[in-house]
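Down below is the structure, laid out as structure tokens.
Derivation of every value follows stated rules applied to the coordinates shown; laboratory data play no part. All values derive from a computational prediction rather than experimental measurement. Backbone-built Cβ (ideal geometry, glycine too); neighbour counts: all protein chains shown.
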Amino acid sequence: MGDPGFGAGLNTASRFRRLVGTKGPAAACRDVAKSFGDIEALRGVSLEVPWGVTFGLLGPNGAGKTTLLRVWLGLAKPTSGTASVLDHEIPPRAVLPRIGYMPQDLAVYLDLTVGENLALFGRLVGMEEEEIDRRTDEVLRIVDIAERRDSLVSTLSGGMRRRASLAAALLHDPDLLLLDEPTVGVDPELRAAFWVYFRDLTKRGKSVLITTHYMEEASNCDLAALMHRGRLLACATPAAIKERTGARNLDDAFLALVREANAT
Amino acid sequence: MRAGLRRTLAVTRKTLSQFRHDRRTLGFIVAMPLLMVVVFGYTFGGEVHNVRTLVVNSDAGPMASRLLENITGDTLALESSNASPRNCLAPGIGIFEANVCAAREEVFAGRAWAVLAFPENFSANLPPGNATITVVLDGSSPPIRAAVLGTLRGALEKTFAGAGAPFALELDYVYGSEDTRFIDSFAPGVVALAVLMVTTIFSVIMVVREKSGGILERLFATPLRSTELVVGLALALAVIAFAQSIVVMGAALLLFQVKVVGSIPLAFGILLLFGIGNQGLGIMLSSAAKNELQAIQFVPLILFPSLLLTGVFFPLEAIPSSFRPFSYVVPLTYASDALHSIMLRGWGVVEVGVDIVALLVYDALTLLGAAFFVRRQA
């Protein structure tokens with residue numbers, strides 16, 4: 001994996017494991033490859049997402065980030081290799097209620113209210129009705145659309161719709177959050193608030209995995225994995241990545257790593 | 001099991017909520033079947049009115065006039081022929097009397113549908129039993145042909161019944177009666193057809209919509225199983241289909257006074273079985289579609305064979321035998337046959353057992369297929 005070390009702050013990972021009652025990492029994969037016809041979306045990726053971290057999965061469009069998430073969720077079957085989440089081999093149907101997923105597409109019903117959308121997803125993961133009701137208020141406050149609970153999603157702005165989608169992923173207080181480009185179309189102020197909330201979650205031992213193609217966003221992460229054309233280029237703390245490549249920011253670090261990968 | 005039921009019902013509930021928020025679709029759900037029944041009822045209603053029929057009454061005796069008086073109602077518009085007499089030769093029949101010929105010209109020209117001609121010796125020939133009535137008929141329209149002959153037969157029966165006259169026709173009504181109208185025989189098929197249209201359209205559109213928004217993926221990132229999703233959707237649509245059946249049946253019963261001999265709940269049961277299978281089929285087909293435009297094109301694919309092969313508009317007996325096997329593949333055949341037997345013949349569960357089994361097989365196959373395809377394309 002060419003791992004330059006997790007760095008400070010991650011030694012607590014084992015403590016969090018006990019907190020969430022799991023032995024292994026939050027998510028892991030080994031030599032995972034996935035092709036769709038001629039297109040090789042993943043070409044042998046090995047990765048571990050420890051407990052209690054925000055984990056940034058970075059890379060340009062088409063790097064294979066979303067495919068990797070879909071493999072972990074059991075939505076895409078890897079062509080080869082093994083993967084597990086929450087100590088379960090994929091497909092992880094039994095532990096899906098402990099995973100929160102926000103896809104890149106707006107995956108909420110436009111013709112339902114925000115509240116009805118959340119209620120649906122709550123019921124699907126087996127939450128009780130009172131719990132759904134209580135949590136709906138909470139998560140809508142977190143994403144700052146509490147007053148739109150009874151609005152049809154179709155009447156919301158683009159950013160608000162994404163926030164409703166995020167709220168659906170947070171509703172059941174999952175141990176592992178898989179968020180695919182959650183900050184697209186969200187204004188900076190709210191984006192900062194999201195990061196504060198994600199930190200809160202990791203302090204409780206949960207793991208938050210975020211894909212993004214904005215490199216600077218990764219500076220908020222405890223760990224960052226850089227992906228390029230289906231391969232993992234690096235996985236370390238943002239600081240370690242910058243240090244290793246001698247770059248001032250992650251953008252430059254990424255470019256340096258791509259050059260390095262192309263050279264070998 | 002309990003959790004699965006809860007997930008299934010969650011899908012049902014959200015789907016009904018979607019309909020609840022969509023007022024226009026909700027209106028459409030009620031209006032479309034209603035429109036179908038009304039349009040079918042009035043256009044195909046089969047009640048023929050004012051068929052222009054010329055009468056050439058040369059009878060010297062009173063019997064022809066007595067018979068004509070018994071032609072009542074507005075089915076036929078009787079008119080004494082007063083065209084100028086001229087001899088003519090009718091192919092295959094022989095020489096007509098001149099005045100019959102003139103009337104026949106009118107039919108030939110398309111200005112009248114039929115001629116009823118009574119010869120001079122009509123009354124005189126009745127007792128020996130060799131009286132004749134010449135009926136000249138434009139046979140190009142079956143409903144009109146049926147109306148003319150039916151009315152005439154009715155009048156004959158009324159005039160000569162009990163008198164032992166040679167025209168007393170013995171009619172054996174196994175089902176229905178002389179009161180059975182076209183629409184009565186027709187309503188069961190139309191009801192089933194309305195349910196077919198609506199259930200397939202909605203299921204096809206709904207699944208494509210779930211697919212296009214990336215929602216299907218999101219749903220399968222929860223413990224929801226594809227069978228639960230499909231059954232949940234089918235349940236919601238069954239509620240809709242049930243409401244529609246009530247509208248359609250209500251319209252048929254109230255607007256057209258369709259006579260139902262058998263059990264109405266059983267008829268609803270048939271509609272429900274049929275509707276569920278249609279949804280399965282719709283979901284299966286929509287899996288093959290990438291967008292709503294593609295999906296909507298499947299609707300005629302289902303509709304046309306159903307219209308033409310199933311005995312809704314023509315009796316199965318009218319379908320060429322080489323095509324008959326196809327009829328037995330189209331589910332509407334069974335639904336329409338069962339409804340026909342229940343509503344008109346008063347048959348019960350046992351008598352329509354074969355149809356029920358066929359519909360159950362249809363439901364099982366399409367729901368399983370739907371579950372399979374929905375999962376596969378996620």
**Fill in**
So, with points 7 Å from each Cα along the Cβ direction, the A:ARG199-B:ASN130 label distance in nm works out to 11.8 nm
**Separation of the B:ILE296 and A:PHE36 label points, Cα + 7 Å toward Cβ, nm** = 2.7 nm
**Message:** When only alpha-carbon atoms are used, what values of Rg and Dmax, in angstrom, describe chain A?
**Reply:** 18.1, 58
**Taking A:THR264, B:THR200, B:THR222 and counting other C-beta atoms within 10 Å, the order from fewest to most** = A:THR264, B:THR222, B:THR200
**Asked** When DSSP beta bridges are limited to those with both residues in the protein assembly as shown, what percentage is antiparallel, rounded to the nearest 5?
**Response** 50 percent
**Request:** Excluding residues on the same chain fewer than 8 positions from A:LYS203, give the lysines whose Cα lies under 20 Å from its Cα.
**Result:** A:LYS23
**Message:** Pairs of alpha-carbon atoms within less than 8 angstrom and 6+ residues apart define the contacts here; what relative contact order does chain A have, in percent?
**Reply:** 27 percent
**Prompt:** Can you give the average number of partner chain beta-carbon atoms within 10 Å of each beta-carbon in peptide B:218-230, as a whole number?
**Reply:** 6
**Complete:** Per region B:181-377, sqrt(5λ) over the Cα gyration tensor eigenvalues, sorted largest first, in Å, gives 31, 17, 15
**Message:** Cut-off under 20 Å on the C-alpha distance; same-chain residues fewer than 8 positions from B:LYS290 excluded. Which lysines are left, in chain and number order?
**Reply:** B:LYS211
**Complete:** Mean per-residue count of partner chain Cβ within 10 Å for A:137-146 equals 0
**Item:** Cβ neighbours within 10 Å from other chains - mean over B:13-21
**Value:** 5
**Item:** Packing-based exposure ordering (other Cβ within 10 Å, fewest first) of A:TRP195, A:TRP51
**Value:** A:TRP195, A:TRP51
**Request:** Provide, for q = 0.27 Å⁻¹, the log10 of I(q)/I(0) from a solvent-free Debye sum over equal Cα point scatterers in region A:195-264.
**Result:** -1.26
**Within straight-line cross-link reach of A:LYS34, aspartates and glutamates at Cα separation under 17 Å, skipping those fewer than 8 residues along the same chain** = A:GLU89
**Item:** Ordering of B:344-352, B:280-288 by packing [mean C-beta count within 10 Å, highest first]
**Value:** B:280-288, B:344-352
**Asked** Which angle from 0 to 90°, rounded to the nearest 10, does the C-alpha axis of helix A:158-170 make with the longest principal axis of chain A?
**Response** 90 degrees
**Asked** To the nearest 0.05, how large is the calculated FRET efficiency for B:GLU79 and B:LEU149 if R₀ is 25 Å and r is the Cβ-Cβ distance?
**Response** 0.85
**Message:** Per q in 0.11, 0.12 Å⁻¹, report the Debye log10 I(q)/I(0) for the protein assembly as shown, using one uniform scatterer on each alpha carbon and no solvent.
**Reply:** -1.06, -1.17
**Request:** Any chance you could run the full-extension gain for A:ASP105 through A:ASP137? It's 0.36 nm times the residue separation minus the Cα-Cα distance, nm to one decimal.
**Result:** 9.2 nm
**Item:** Neighbour-count ranking [beta-carbon atoms within 10 angstrom, fewest first] of B:ILE296, B:ILE240, B:ILE264
**Value:** B:ILE264, B:ILE296, B:ILE240
**Fill in**
Nearest-0.05 FRET efficiency for B:HIS49 and B:LEU253 at R0 = 22 Å, using Cβ-Cβ distance, is 0.45
**Item:** Interchain or long-range residues, amide H under 5 Å from A:ALA41's placed H
**Value:** A:LYS34, A:SER35, A:PHE36
**Asked** Rounded to the nearest 0.05, what FRET efficiency is calculated for A:GLU130 and A:SER219 with R0 set to 35 Å and r the Cβ-Cβ distance?
**Response** 0.30
**Fill in**
Between A:ALA263 and B:LEU303, the two model label points (7 Å from Cα along the beta-carbon direction) sit apart by a distance in nm of 6.6 nm
